[in-house]
Amino acid sequence: MKAKQATALVLASVMGLGLLAGCGDSKKGGDSAKKDGDVVTLKWIQVGNGMPKNYDAWLKQINPYLEEKIGVNLDMEIVPWGDWDNRRSVITNSGEYFDILFTDQARYNAEVATGAFLDLTDKLEEYAPDVKNLIPEEYWKGVKINDKIYGIPTYKDSSVTEYFVWDKDIADKYQIDINSITTYEDLYPALKKIAEGEGTAPYYMSKAGADFLNTAYYDQLGAGLPALGIRFDDPEKKVVNPLEDEEILTKLDIIHKMYKEGIINGDAPTADDSNKYRTFFTAQGWSQAAKTTWGPNNGIANCEAVKFGETVLSNASVRGSINAIYSGSKHPEKALELLNLVNSDSKVRDWLYYGVEGENFEYTENNKVNKLNTDWSMAGYTQGNFFNVSQLASEEINQWDEVKELNENATPSIMLGFDMDTSNVETELANCRAVYEKYKSEFFTGAQEPRELVKTINKELKTAGWDTIREEAQKQIDATK
């Protein structure tokens, strides 16, 4: 999971860059899904830290098991993070062959629109009954486009919950009761006390700042413009600019005050998200991630997290990880059977998540997992259901139980299942996105006074065509009432 973003850093750990190597010939076309007797080889393309160094050893473990279970072998391509956007565009725009492709909210709509993915709606019950029954109906609703399902959502932290994340030792040093701090109003005096005592900026922000305040309150309708949305709980379904929301601006007032007083790091508008020590930060995920990921990744020996705000469910949260089948796949039923197995069989899931048994991990006597190293380069969040991943031996509490409970108690967006058709306003959207990108870091890190800056943003948004987009969105939404 990644602080202030949908959980990529928690699940993918450190993002490595580099050139893709050792994944074979990706230009084989239909021949990449060949038959060897009754065994079908499926090409599955994902993003991660590149191809595992022990990929061949991994195939020797997982493929015999898959052959026995459903008669398939795997041919994986793990694309490095830095190459992903370009590689993914080539794959979907050139007609290059694959059987299964990882996708997410950033591209899913567009890839469906271009016909890249197979309609799975009528195939799930027959070829993927386990995953069909595993994932709650509201989450299936979150991946539907025009009432059809084009991908299997990864059932993980598929709702969004935000946390204040603390170095508990520092908080205790200043007698701060972190569990009583669940608002920015409460947060300010606590962090001010630490800043004065330590002589440092305790609240680390990257350039994304507190942009989660937007997604915590607003459904962005699939338009890809954070300056457009409907509040999750608005029964009137009125399209507005979330940047003008008084509740958000009040929090940004406090953030601006903290920035001016040196409580927030001065380089926040340009700072990256790389792992480093942080006394305090915010993150999306679940409380146990403080022990399993946030603490270890950020050098905090005694890390604790406290929830603030509501847990919400939207199209965007469900679409954080999807696996879709190529519309031209020669073996779509086998590909669905594979995704069904990944989501229901803990042994298969552990191989994908942890790597080679005996090299990357081992099972304990009570069927938990000891990680032998951190070398495995596949990204766990891209693969499948998290609730059948074997628990780490080092964990006293199964963190996935907490995640599942958050999902089950999440408040659905009033717009769940709705996707705006943006075809009539693509030019205006592109112009408005450019305006938003220009100012978002200064706005959400508190580097500028938010109420003054939003006036400038709004003026430029109107010139860029924001009103035209809003009218189009409102017309489409009113037609569904």
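Total residues in region 67-115 satisfying the condition of being open to solvent by 40 Å² or more (accessible area, probe 1.4 Å) and under 17 Å from residue 379 (Cβ atoms): the figure is 7. Cβ-Cβ under 8 Å, sequence separation 6+ or interchain: first residue in region 179-208 and free of Cβ contacts under 8 Å to residues at least 24 places away in the same chain and open to solvent by 70 Å² or more (accessible area, probe 1.4 Å), partner assigned to a loop (DSSP other than H, G, I, E, B) and not β-branched (Val, Ile, Thr). Which pairs? Cβ pairs passing all conditions: 193/174.
The rows are residues; the columns are (1) hydrophobic (A, V, I, L, M, F, W, C); (2) touching a strand residue (DSSP E or B) at 6+ places or on another chain (Cβ under 8 Å); (3) free of Cβ contacts under 8 Å to residues at least 40 places away in the same chain.
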position	(1), (2), (3)
384	no, yes, no
387	yes, no, no
413	no, yes, no
429	yes, no, no
438	no, no, yes
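Each residue in region 182-226 was checked for being out of contact with any helix residue (DSSP H, G or I) (no Cβ under 6 Å at 6 or more places or on another chain), among the charged types (D, E, K, R) and part of a loop (DSSP other than H, G, I, E, B), and 0 of them qualify.
Of all the numbered requirements in (1) under 28 Å from the mean Cα position of the chain (by Cα); (2) open to solvent by 50 Å² or more (accessible area, probe 1.4 Å), residue 162 misses one, and that requirement is (2).
The helices (runs of 4 or more DSSP H) located wholly in region 247-362 that include 3 or more residues which are open to solvent by 10 Å² or more (accessible area, probe 1.4 Å) and closer than 30 Å to residue 60 by Cα occupy 332-344, 346-354. Answer yes if at least one residue in region 439-459 is farther than 30 Å from residue 267 by Cα, in a helix (DSSP H, G or I) and under 23 Å from the mean Cα position of the chain (by Cα), and no otherwise. The answer is no; no qualifying residue exists.
Restricting to region 80-103, what's the tally of residues that are of a type in the set (D, E, K, R) and part of a helix (DSSP H, G or I)?
Residues of region 80-103 that are of a type in the set (D, E, K, R), as a first pass: 83, 85, 87-88, 96, 99.
Of the ones still in play, those that are also part of a helix (DSSP H, G or I) are 83, 85, 87-88.
Total meeting the criteria: 4.
Scanning region 399-416 for residues that are more than 24 Å from residue 222 (Cβ to Cβ) and among the hydrophobic types (A, V, I, L, M, F, W, C) returns 400, 403.
Which is small (Gly, Ala, Ser), closer than 28 Å to residue 157 by Cβ and in contact with a strand residue (DSSP E or B) (Cβ under 6 Å, 6 or more places away or on another chain), of 283, 268?
It is 283.
For the criterion of being touching a residue at least 60 places away in the same chain (Cβ under 8 Å) and more than 24 Å from residue 51 (Cα to Cα), residue 315 passes.
The values are calculated or read from the model by the stated rules, or taken from the named source; none is laboratory data. Remember, predicted model here, so these are calculated numbers, not experimental data. Neighbour counts run over all protein chains shown; Cβ positions are idealised from the backbone, glycine included. The protein model used for the area step is the full one, side chains on, heavy atoms only, and it has no ligands, DNA or RNA in it. Shrake-Rupley method; radii C 1.70, N 1.55, O 1.52, S 1.80 Å.
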